[in-house]
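Take a look at the structure below.
The values are calculated or read from the model by the stated rules, or taken from the named source; none is laboratory data. Just so it is clear, the structure is predicted and the values come from calculations on it, not from any experiment. When we count neighbours, we look across all protein chains shown, and the Cβ atoms used for this are built from the backbone with ideal geometry, even at glycine. These accessible areas exclude ligands, DNA and RNA; they are computed on the full protein's heavy atoms, side chains included. Shrake-Rupley method; radii C 1.70, N 1.55, O 1.52, S 1.80 Å.
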Amino acid sequence: MQVNADFLFLVLDISTEDFSASCRTMESLCLGHFLAASNPVSSRAFGGHLTRKCFHKHVHFHSRSVVFSSMLCSATLSVLPELEEKPIFDGEKANLLVRDLRKCFDSGRTKSYEWRVSQLEAISKMLEEKEKEITEALYKDLAKPPFEAFITEVTQAKSSCNEALTELKHWMKPERVSTSITTFPSSAEIVPEPLGVVLVISTWNFPFLLSMDPVIGAISAGNTVVLKPSEISPATSSLLANLIEQYLDNSAIRVVEGAVPETTALLEQKWDKILYTGSARIGRIVMAAAAKHLTPVILELGGKCPAVVESDVNLQVTARRIIASKWACNSGQACISVDYIITRKEFAPKLISALKEELEQFFGKDPLESKDMSRIVSPNQFARLVKLLDEDKVSGKIVLGGQRDEKKLKISPTIILDVPEDALVMQEEIFGPIMPIITVDNIEDCYSIIKSRPKPLAAYLFTNNEQLKKDYVDKISSGGMLINDAVIHVATRGLPFGGVEESGMGCYHGKFSFDSFSHRKPVLYRSFDGDSSIRYPPYTPQKEKLLKAIITGNIVQIFLALLGWS
């Protein structure tokens, strides 16, 4: 009699912090099954034949990219397959990778205008040729509607690349500056030069755009780059690794896929700059690792982004724009989406009614069935959001939505009214399709509410009141601000994107990306003419008078000092 025993596995979509431990556990289980299969005593209970299947951590290290994936392995009593040696991307491999890239940078290849343009043109070609594959990967990771994926990720990456191609020669040109009389005759300029070898750690909610946009900036500035995509969006991560290997110069631009061990190995190295996009908690870890090498960082984090809505607005337009920036923006999984609304108590019912009407227009009567809403990225994130809704302080405050489908990882657009300040949903960034509305008697009360929290990445205001607009801009500090709309300020050419205090530091986008990945080197040029003895010893009283007159710029005193008069 032959008995087969198969293990059923729950494939976990887990956070970066948990992923490594889970892989190690699964690896141990797999090895245990191999050992059990080779041990007649332990396998006897299963009969004459034993089959075990398990997930095994599998890492490929190539000269051009590092791919972290999973594969099924199996063991039987009769045939014991050889365990393939799986190279691990550790500190030693990371060090070799950085050394290779630094050698490439030191050769000077990446500093030339021609190299930078060739790589930007390759990215532009990639975006044109692989648009379908990109949107398909985003759908696999987030069920992101193709149109939304095209507009928010592909188009934005194209725009960033095209701007760099158009403006690069101007960006690279040294900036002339005036000199003072103390260095006469002389000339001076500021020369932008690449920093060297930079690391980009991207995130999962806009996994393609937030990977490629900073890479475009780093390439434009003439750096060599390592991109570490998020393992929480594995389809996009794998696609990025393949496309960058296929289209770009792999001696200068590389991708490392993986989770905690790979990221840790990378952070142990000396970089010339690190850009990280994600949570403030991990941002602190990245900053601490960078501090060991005195490496500068750009941290793009998040926070609770408020939207203040005055009663004098165009209600339908306001409702549509809030929906577009919340539920139609990756189902609220965006660091700049509206996190909560503040409005007048008497106006709240009208606003809720308008939001309800427009939501039905956008997503139908059953939004869980809508193909125009992204899903929640993982079971862990889904459980976190459900916990926010099911808290006793919140569950009775739901005025719209609240339905959820665990299998589809979807939560319907949900509005909660006047939840307590100490509720979890008001203590942390929501990052999902839940919208608290806080009511106030006077709209000016919004200032104290917003200021009681860390400075947000973005702050929004909807009003026709010009004085309120001025006051809001003056009194509220945030990474960015937008009046009478939300989110789209990040797509505005000429505006930097970045946070302040806990919502981040540094900025990028367009020219700001080029500047962030460059060192603005001041250079002063002098000839051998006009060498005055005044700067050299002995320091006579006459020299002192003349030097003081020159420093103060007093022409009369300079003339008198030259004549020897006091």
- Message: over 30 Å from residue 312 (Cβ atoms) and part of a helix (DSSP H, G or I): is that true of residue 471 in this structure?
- Response: no
- Query: Is one or more of the residues making up segment 166-189 part of a strand (DSSP E or B), outside the structural domain of residue 331 (by the TED database) and buried (at least 17 other Cβ atoms within 10 Å of the Cβ)?
  - Reply: yes
- Condition broken by residue 371, with the remaining ones in (1) over 26 Å from residue 135 (Cα atoms); (2) assigned to a loop (DSSP other than H, G, I, E, B) satisfied: (1)
- Residue ID - farthest from residue 141 (Cα to Cα), chosen from residues in segment 351-378 that are open to solvent by 60 Å² or more (accessible area, probe 1.4 Å) and touching an Asp or Glu at 6+ places or on another chain (Cβ under 8 Å): 362
- Taking segment 134-165 as the region of interest, how many residues are under 30 Å from residue 369 (Cβ atoms), open to solvent by 30 Å² or more (accessible area, probe 1.4 Å) and of a type in the set (A, V, I, L, M)? 1
- Task: Answer yes or no: is there a residue in segment 412-426 that is under 30 Å from the mean Cα position of the chain (by Cα), in the same structural domain as residue 449 (by the TED database), within 27 Å of residue 310 (Cα to Cα) and surrounded by fewer than 13 Cβ atoms within 10 Å (Cβ to Cβ).
- Result: yes
- Item | Among residues of segment 382-398, those that are surrounded by fewer than 18 Cβ atoms within 10 Å (Cβ to Cβ) and of a type outside the set (D, E, K, R), counted | 5
- Item | Residues (touching a strand residue (DSSP E or B) at 6+ places or on another chain (Cβ under 6 Å) and assigned to a strand (DSSP E or B)) located in segment 403-423 | 404, 411, 414, 415, 416, 417
- Regarding residue 452, is this residue free of Cβ contacts under 8 Å to residues at least 40 places away in the same chain and polar (S, T, N, Q)? yes
- Message: Test of understanding: among 406, 444, which residue is in contact with a Phe, Trp or Tyr (Cβ under 7 Å, 6 or more places away or on another chain), surrounded by fewer than 16 Cβ atoms within 10 Å (Cβ to Cβ) and either at positive phi or not basic (Lys, Arg) (or both)?
- Response: 406
- Query: Of all residues in segment 474-510, which are among the polar types (S, T, N, Q) and either open to solvent by less than 60 Å² (accessible area, probe 1.4 Å) or within 18 Å of residue 313 (Cβ to Cβ) (or both)?
  - Reply: 477, 478, 484, 503
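Condition check ((1) open to solvent by 10 Å² or more (accessible area, probe 1.4 Å); (2) touching a helix residue (DSSP H, G or I) at 6+ places or on another chain (Cβ under 9 Å); (3) not charged (D, E, K, R)) across all residues:
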{"residue": "259", "(1), (2), (3)": "no, yes, yes"}
{"residue": "272", "(1), (2), (3)": "yes, yes, no"}
{"residue": "278", "(1), (2), (3)": "yes, yes, yes"}
{"residue": "290", "(1), (2), (3)": "no, yes, yes"}
{"residue": "301", "(1), (2), (3)": "yes, yes, yes"}
{"residue": "304", "(1), (2), (3)": "yes, yes, no"}
